[in-house]
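Encoded as structure tokens, the structure appears first; notes follow it.
Just so it is clear, none of the values below were taken in a lab; they were calculated from the coordinates. This is a predicted model, so every value here is computed, not measured. We place every Cβ from the backbone using ideal geometry, glycine too, and count neighbours over all the protein chains shown.
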Amino acid sequence: MPDQLLYAMEVTLNGLMAGVLYALVALGFVLIFKASGIFNYAQGVLALFAALTLVGIQEGQVPFAHLINAITGGHLTHFGWQVPAVIAIVLTAGVMVLLAIVIEKLVLKHLVSQAPIILFMATIGLAYFLEGFGDVMWGSDIKTLDVGLPQGINDTIETTTANWFGYGFFIDNLDIVATVVAVLLVTALTLFSQFSKQGRALRAVADDHQAALSVGISLRFIWVLVWSIAGFVALVAGIMWGSKSGVQFSLSLIALKALPVLMLGGFTSIPGAIVGGLIIGVGEKLFEFSIGPMIGGATENWFAYVLALVFLVFRPQGLFGERIIERV
Amino acid sequence: MKDMNEGYLTADGRQIGGVVMELKDITLRFGGLTAIEKISFDIRDGEIRAIIGPNGAGKSSMLNVISGFYVPSDGEVWFKGVRRGPMKPYEIARLGIARTFQNIALFDGMSVLDNIMTGRLTHMKKGLIAQAGWWFTGAAREEYENREKVERIIDFLEIQNIRKTPVGRLPYGLKKRVELARALAAEPKILLLDEPMAGMNVEEKEDMCRFVLDLNDEFGTTIVLIEHDMGVVMDLSDRVVVMDYGKKIGDGAPDEVRNNQAVVDAYLGVAHD
């Protein structure tokens, strides 16, 4: 097989893996948008906050240490214990549920039946608040997240492909794990939304608030549920991205990568988020590989947005989005 | 009217029971506007109770008070002999009061079956974790049982052939029927219908009338309905409340109401000289 083709295959595989990570972030957006019509600007920060909390709990950090020290004049930083990764993840999931309840109580409850743009503004406020709150709670230094996920090049794949093609593929173990986790997560979410009664209630609320109330659905419960799930998805995304590139402020910017994914896949479709993520991941890697060298590289920064723009022109609702039908 | 405490026998020989819901001096104000002024009436077990009146009389507001979408500024709502405190609409729905809306409120993205299944939500008790167990925890059985009830309602309302169609694609008349099915799926103590026949053609109206009568007959459902079509109201209802400008101007059997001068004036208009 010619070398170029092999490279392209490797690039495609890597693109798919990167796409899964984009999709994980986009998934959080889709969930909230589907259930409440809110474009949740804070989703990226939610992932950052989840990752920060996870590291904090794992390392036994004292929350609000700076604040406490400033008031008491002490030098508290750590409790001095290490929490096992699994327990830390469960605890962090608990914190995300708590956060969902607080968000519903303090923000959403007061904005019932407001225009979407107002809710959107509220999530912008929420994003900046959470960002600061995360800093105050866990400190602003860059942290490394290690929950014991395998990292580095997968040797088995490298040797196998080397035997087959005479060229070993470089695939990161972490990306493989991320793919498996994403598949599990999407399967679970789809089953939940299609077959459970809460899932049915959730779809009902997404469609019509009044009708949902009339069949006995509590809107507040559904919102807490949705934000909890979005928080959980953010936690998963935070773990994957945090393990890959450390936990720091820039983690919240992955939200920007999710935007073109959403435009491509449609804001209301869970499979859309996945397929959109994969297309963007593969597209951007292949474009960089094939066209990049001709125009000086660094195409990964903008390619996704251009692709999304093209899609907006031809299919504004995205690949899997619900068709916008206005009856006249 | 016959003996009020014991219920009464209708013209077609159905036994109507005691009071299920009683509204006492209900007043509803929106700022300076009084939508409902000191209205009292009762709803009896098994009867078809109509609320009629010209546009803007406050009929829909009354229905919204009963179903909890509006909280009355004054007055008391008694349900099954207990005074109802301020409650959220979803809590009232869980008490067994189902409703349809004047402007159809369905879940457009979901299939007809799924829409009607949402009506069963209040009857499904298994938690999230139990549902994850599916066959092992009995969640599957619960789903099947509820599905069976829904299928019976689908048969009853003759909408078998659109079971899997997304509701958004249905024509108006069928949407109304699906909405009725969803309300019915909750097996409500009281079923509130806000203009169930508005905007329908004659054939659809006849169908809907038949369904309303049949479901009252078969399931013994107490029905409160708002309707403009006087012919329909006179045919369907056992007792009628007449409203005009937020006040009650008549209450009684259809024949009594029809001959009531105030009602005739409200409907036909009075010459002002």
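Can you find, among A:Thr77, B:Ala186, A:Pro116, the residue sitting farthest towards the positive end of the charge dipole of the protein assembly as shown, where Lys and Arg contribute +1 and Asp and Glu -1 at Cβ?
Positive-most Cα among the choices belongs to A:Thr77.
Return the lysines within reach of B:Lys38: Cα separation strictly under 26 angstrom, same-chain partners fewer than 8 residues apart disregarded; answer none if there are no such residues.
Leaving aside lysines fewer than 8 places away in the same chain, those within reach of B:Lys38 are B:Lys2, B:Lys24, B:Lys59, B:Lys80, B:Lys88, B:Lys189, B:Lys247, B:Lys248.
So, R0 is 30 Å and r is the distance between the beta-carbons of A:Tyr305 and A:Ala162; what FRET efficiency does that work out to, to 0.05? Don't skip to the answer; put the middle values down first.
On the way: r = 37 Å, r/R0 = 1.22.
The calculated FRET efficiency here is 0.25.
Give the residue from B:Leu157, B:Leu121, B:Leu106 lying farthest towards the positive end of the charge dipole for the stretch B:105-187; charges sit on Cβ (+1 for Lys and Arg, -1 for Asp and Glu) and the dipole is referred to the Cα centre.
Of B:Leu157, B:Leu121, B:Leu106, it is B:Leu106.
Report, in degrees rounded to the nearest 10, the 0 to 90 angle that the Cα long axis of helix B:139-156 makes with the longest principal axis of chain B.
Relative to chain B, helix B:139-156 is tipped by roughly 50 degrees.
For each of B:Glu256, B:Glu143, count neighbouring Cβ atoms within 10 Å of the residue's Cβ, then give the residues from fewest to most.
B:Glu256, B:Glu143
Mind giving me the nanometre distance, one decimal, between the label points for B:Tyr267 and B:Val19, set 7 Å out from Cα along Cα→Cβ?
2.7
Using r as the Cβ-Cβ distance of B:Phe136 and A:Ile101, and R0 as 41 Å, what FRET efficiency do you calculate, to the nearest 0.05?
It comes to 0.85.
Report relative contact order for the stretch B:24-168 in percent, whole number only (criteria: Cα-Cα under 8 Å, sequence separation at least 6).
20
Mind pulling the angle between the C-alpha long axis of helix B:172-185 and the longest principal axis of chain B? Nearest 10 degrees, somewhere in 0 to 90.
Long axis of B:172-185 versus the principal axis of chain B: about 80 degrees.
Tell me, in nm to one decimal, what length is gained between A:Phe314 and A:Gln4 on full extension, where the rule is 0.36 nm per residue of separation less the Cα-Cα distance?
Separation in residues times 0.36 nm, less the Cα-Cα distance, equals 108.4 nm.
Under a 10 Å cutoff between Cα atoms, tell me which one of B:Thr118, B:Thr137, B:Thr221 has the largest fluctuation in the Gaussian network model of chain B.
With Cα springs under 10 Å in chain B, the top fluctuation among B:Thr118, B:Thr137, B:Thr221 is at B:Thr137.
What number, in percent, do you get for the relative contact order of the stretch A:3-314 if the mean sequence gap of Cα pairs under 8 Å and at least 6 apart is divided by its residue count? Write down the numbers at each step before the final one.
Working: 453 pairs, mean separation 115.9, N = 312.
Computed value for the stretch A:3-314: 37 percent relative contact order.
Quick one: what Rg and Dmax do you get for the stretch B:116-177 from the alpha carbons, in Å?
Rg and Dmax of the stretch B:116-177, Cα atoms, are 14.0, 42 Å.
Please report, largest first and rounded to whole Å, the three semi-axes of the ellipsoid equivalent to chain A, where each semi-axis is the square root of five times an eigenvalue of the C-alpha gyration tensor.
Whole-Å semi-axes of the equivalent ellipsoid: 33, 29, 18.
Just want the ordering: B:Arg141, B:Arg239, B:Arg99, from fewest to most Cβ atoms lying within 10 Å of their own Cβ.
Least to most surrounded, the residues fall as B:Arg141, B:Arg239, B:Arg99.
Among B:Leu192, A:Leu278, rank each residue by its count of other Cβ atoms within 10 Å, from fewest to most, as a rough exposure measure. Write out the running numbers ahead of the final one.
Numbers: B:Leu192 26, A:Leu278 21.
Least crowded to most crowded, the residues run A:Leu278, B:Leu192.
Taking the Cα centre of the stretch A:3-314 as the origin, how large is its charge dipole in debye, to the nearest 20, when only Lys and Arg (+1) and Asp and Glu (-1) carry charge on their Cβ atoms?
1140
Please give the calculated 222 nm ellipticity per residue for the protein assembly as shown, where each DSSP H segment of at least 4 residues contributes -39500 (n - 2.57) and the sum is spread over every residue; nearest 500 deg cm²/dmol?
-17500 deg cm²/dmol
Explain nothing, just the number: relative contact order of chain B, from Cα pairs under 8 Å at least 6 residues apart, as a whole percent.
Worked out over chain B, it gives 25 percent.
Would you give the gap between the C-alpha center of the stretch B:226-267 and the C-alpha center of the stretch B:11-66, rounded to a whole Å?
That distance is 12 Å.
So, with +1 on the Cβ of K and R and -1 on the Cβ of D and E, and no other charges, what is the size of the charge dipole of the stretch A:220-323 about its Cα centre, to the nearest 20 debye?
220
If you restrict to DSSP beta bridges whose two residues both lie in the stretch B:165-273, what percentage is antiparallel, to the nearest 5?
50
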